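What follows draws every value from the coordinates through simple rules; no lab data is involved. Note that the structure is a prediction, hence the values are computed from the model and not measured. Glycine gets a Cβ as well: all are built from the backbone with ideal geometry, and neighbour counts include every protein chain shown.
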Amino acid sequence: MADKILMNKNTLAALKNELKGYKTALPVFEMKEQQLKEVITSIETAVERLQIAIEAADTEVKQWASVMAEPTVDLGQQVSVSELKTKSREIAGVIIKQFVDISFNESEIDYFETPLWVDDAVEAIKDQTTNQEMLRLEYKNLERVREELAEARRMKNALKEVFIPETQHNIRKIEIYLGDVERLAIGCAKLVKKKKQVKSEAV
């Protein structure tokens, strides 16, 4: 808001209209902040669940890592992500991505040349990759929502601590000024009237 304002009724009316808008916007940003905090809690819960699942799978895989080290098959070349399907969802003004499905490219397995555990290993890799892709999505969602929350808080604080107090201060300042001007005008009018009255009595 500018330091110098015009001390008149038009400015007063404009400031009162601005103040009304600010007071209407404040609860909207307060509600948005609360909604986004709830979304963040939900995403953080999903992240924690996925991290636990990934760690558990890592622990399980390590138990038969020695047999996977056999030079009979390269599991790294056996499975790759073909397509990751997501859908967009808007929450409190921010777009997040939700996991829908994942498909894989799988190399042909020669069951005569490969050990029996390869099937289980491929499924474990697919499950782990799915969880890792879902975790990656949730991390991105968390980043977006946190940025939106920071912006909502900035707007809420600006309204509460800057725009509303400054506007109220300027409204009071103009009202005091206009009141003083009005009282001065009334005083001057009374003085002129009294002088005229004295002059007419003297004639």
Task: Estimated distance in nm for a label pair at Ala25 and Asn8, the labels positioned 7 Å out from Cα along Cα-to-Cβ - done: 2.6 nm
Open item on the list: At R0 = 22 Å, how high is the FRET efficiency between Gln51 and Lys97 if r is their beta carbon distance? Nearest 0.05 is fine.
Closed with: 0.75
- [ ] Using 0.36 nm per residue of separation minus the Cα-Cα distance, give me the extension gain between Glu44 and Thr86 in nm, one decimal.
- [x] 13.2 nm
Task: Filter on Lys4/Lys156; Lys23/Lys140; Lys62/Lys126; Lys37/Lys62 - keep pairs with C-alpha separation over 28 Å - done: Lys23/Lys140; Lys37/Lys62
